[in-house]
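The values are calculated or read from the model by the stated rules, or taken from the named source; none is laboratory data. Here the structure is a predicted model, which is why all the values come from computation and not from measurement. Virtual Cβ from ideal backbone geometry, glycine too; neighbours counted across all protein chains shown. For accessibility, only protein heavy atoms count, side chains too; no ligands or nucleic acids. Shrake-Rupley method; radii C 1.70, N 1.55, O 1.52, S 1.80 Å.
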Amino acid sequence: MSRRHYYKALFLCIVQFQLVVVASQQVQQPSPRAQVSFDFGWWHRTGLTRWALPDEEPPQDVNPGLFPPESAMNYNDSSWILVTLPHDGLIASAPSEKACPDDGCSGKSYIPRHVLWYRKKFTLPLDWKDSAIWLDFEGSFRNTTVWINGHIVSNHVCGYTPFRIRLDTLDTIQFDSPNIIAIFVDPDNGDQGARTHASGWWYEGGGLYRNVHLVRANKIHVLQDGLFAYSNVTFTTRKAIEATVHVRASIYNGITNSPRTTVCVSFQLVEPDGTVIASTTDRKRQSIAADGSAKIIGEMKLKDPTLWNPSNPFLYTVTVHVEDCEHTGIIIDNYSVVHGIRTIHYTANHGFFLNQQHFKVRGFCDHNNFAVVGMAVPDRINLFRAQALRSIGGNARRTSHNPPSPIVLDIYDRLGTVVMDENRLFDDNKEYVNNMRALVMRDRNHPSVIIWSFCNEGDCEGENQKGGPAFQET
């Protein structure tokens with residue numbers, strides 16, 4: 001066996017072992033939801049039908065077709081290289097003035113914007129067959145097409161918003177047998193970008209540059225970004241004496257052999273040490289139609305809450321429990337989000353107030369790239385940037401000029417840094433409005449986020465700022 005095939009087999013064994021272990025552990029745990037990293041064991045090639053040459057200009061026609069050879073299960077990818085996500089597929093290429101004439105290809109970096117391929121073999125455990133299973137992509141730059149077992153299943157065109165692929169509903173998915181996922185990424189910047197230049201002056205890379213997760217849950221489960229919490233705080237002389245935590249969960253019923261299913265839902269507020277400090281007073285019964293969803297709301301009262309602020313970024317956890325009403329203690333799904341209790345408001349004359357105290361924002365702009373790693377910025381570097389910001393007196397970050405990686409906001413939540421959360425581009429059509437919606441839905445629970453930005457600078461929102469009608473329509 002060659003070294004390449006040895007490592008390939010080793011990675012497949014590790015991934016399959018992880019899946020089996022997680023699946024077996026869930027039998028003993030109260031919730032069937034499990035999440036496994038899908039970042040390992042990817043095979044990669046740069047180029048449409050073969051490896052791109054060093055000084056070769058990217059082709060103008062990059063359409064792979066509906067059934068490209070690379071998507072087939074029996075395709076020979078032995079000449080491809082093994083990569084681990086997050087992965088910027090462009091940054092490893094050498095700069096080339098021949099491939100990038102005039103003013104450069106990627107933010108004046110002269111790195112050719114060739115199309116990218118990824119392939120991965122994976123096996124789903126047999127006892128996952130009656131579950132809901134999906135792949136969560138945190139981001140892929142940019143126009144991304146996905147095949148599973150040779151059949152096209154998804155296309156996502158925004159390079160910075162997450163997308164989800166449901167697996168258990170696919171006719172071609174296999175259990176206890178290998179599946180092949182093939183992904184084609186066209187890193188053309190789109191919008192104001194093109195094959196020969198970027199849409200921004202900074203480097204925007206390409207490929208599967210953020211994490212991917214494999215998730216297994218019950219057929220009845222909390223929807224993606226389906227748990228939201230916010231607080232109202234009562235103050236006396238600037239001291240918080242009580243907080244009301246409002247919660248809302250969107251729950252989907254994927255059981256189709258019965259017209260309706262009834263579940264019981266409850267919420268808890270948990271401190272960092274695991275202590276349940278507040279909960280809803282009763283379990284809410286909710287009947288949900290087959291292949292439908294329902295929103296369940298609740299509230300929890302908390303005396304003398306600890307507020308989230310830069311000097312003490314205290315984080316609670318809000319958890320929703322979905323149970324079988326007829327069998328107490330049988331958990332159908334659990335889902336949690338972090339929650340920082342704080343208040344914000346702005347005035348025209350005095351600016352921003354956090355927890356009723358004036359707050360002077362001293363912030364920095366950071367692009368979604370870093371030196372030799374390009375767009376695939378490791379978590380440790382994101383933490384270093386945040387710590388460096390705080391070490392010189394900064395307290396704020398603008399995510400210029402796009403939705404950030406989820407881990408970035410997790411870091412700022414924990415370091416007490418406020419954030420301007422920015423969308424990439426905006427215009428008066430549903431595609432752009434839905435991109436903004438995806439940003440807000442994903443990030444709305446982060447206490448660090450204090451303001452939303454539609455896009456970078458003036459005129460980025462399209463002609464005459466016609467965003468209003470499309471927002472109302474959506």
- Item | Selection count where residues are modelled with pLDDT of 90 or more, part of a loop (DSSP other than H, G, I, E, B) and open to solvent by 30 Å² or more (accessible area, probe 1.4 Å), scope segment 171-197 | 5
- Query: Could you say which residue among Asp304, Asp333 is on the phi > 0 side of the Ramachandran plot and either at pLDDT 95 or above or exposed (fewer than 15 other Cβ atoms within 10 Å of the Cβ) (or both)?
  - Reply: Asp304
- Search result, residues across segment 102-141 that are under 25 Å from Val222 (Cα atoms), in a strand (DSSP E or B) and either open to solvent by 10 Å² or more (accessible area, probe 1.4 Å) or in contact with a Pro (Cβ under 7 Å, 6 or more places away or on another chain) (or both): Thr123, Asp136, Phe137
- Options Ala72, Ala94; residue that is modelled with pLDDT under 90 and either open to solvent by less than 90 Å² (accessible area, probe 1.4 Å) or out of contact with any Gly (no Cβ under 6 Å at 6 or more places or on another chain) (or both): Ala94
- Give Asp421, Asp410, Asp428 a once-over and let me know the one that is under 22 Å from the mean Cα position of the chain (by Cα), crowded, with 16+ Cβ neighbours inside 10 Å and not in a helix (DSSP H, G or I). Asp421
- Subset of segment 142-170 (residues that are in a loop (DSSP other than H, G, I, E, B) and over 13 Å from the mean Cα position of the chain (by Cα)): Arg142, Asn149, Gly150, Val157, Leu167, Asp168, Thr169, Leu170
- Note on the structure: Quick count over segment 278-292, residues being over 22 Å from Thr328 (Cα atoms) and assigned to a strand (DSSP E or B), is 1
- Does Val233 fit the bill of being at pLDDT 95 or above, closer than 29 Å to Ser37 by Cβ and either open to solvent by less than 30 Å² (accessible area, probe 1.4 Å) or assigned to a strand (DSSP E or B) (or both)? no
- Message: All but one of (1) at pLDDT below 95; (2) open to solvent by less than 20 Å² (accessible area, probe 1.4 Å); (3) out of contact with any helix residue (DSSP H, G or I) (no Cβ under 7 Å at 6 or more places or on another chain) hold for Val27; state the number of the condition that does not hold.
- Response: (2)
- Query: Can you pull out the residues in segment 247-293 that are touching a residue at least 24 places away in the same chain (Cβ under 8 Å), within 30 Å of Asn312 (Cα to Cα) and among the small types (Gly, Ala, Ser)?
  - Reply: Ala249, Ser266, Ala278
- Note on the structure: Of the listed residues (Ser293, Ser287, Ser266), the one being over 30 Å from Asn355 (Cα atoms) and either under 27 Å from the mean Cα position of the chain (by Cα) or among the aliphatic types (A, V, I, L, M) (or both) is Ser293
- Which of the residues that make up segment 357-379 are hydrophobic (A, V, I, L, M, F, W, C), farther than 15 Å from Ser109 by Cα and surrounded by 14 or more Cβ atoms within 10 Å (Cβ to Cβ)? Phe359, Val361, Phe364, Ala376, Val377
- Task: Return a yes/no flag: does segment 386-405 have any residue that is within 19 Å of Val337 (Cβ to Cβ), under 21 Å from the mean Cα position of the chain (by Cα), at pLDDT 90 or above and among the small types (Gly, Ala, Ser).
- Result: yes
- Check Arg45, Arg33, Arg50 and return the single one that is under 25 Å from the mean Cα position of the chain (by Cα), modelled with pLDDT of 90 or more and either within 19 Å of Arg119 (Cα to Cα) or of a type in the set (Val, Ile, Thr) (or both). Arg45
- Message: Quick check on my filter: what residues within segment 34-54 are at negative phi and open to solvent by less than 80 Å² (accessible area, probe 1.4 Å)?
- Response: Ala34, Val36, Ser37, Phe38, Asp39, Trp42, Trp43, His44, Arg45, Thr46, Leu48, Ala52
- Just to be sure, is Val322 under 26 Å from Val247 (Cβ atoms) and modelled with pLDDT of 95 or more? yes
- Message: Looking at segment 209-217, can you tell me whether even one residue there is more than 21 Å from the chain's Cα centre (by Cα) and at pLDDT 95 or above?
- Response: no
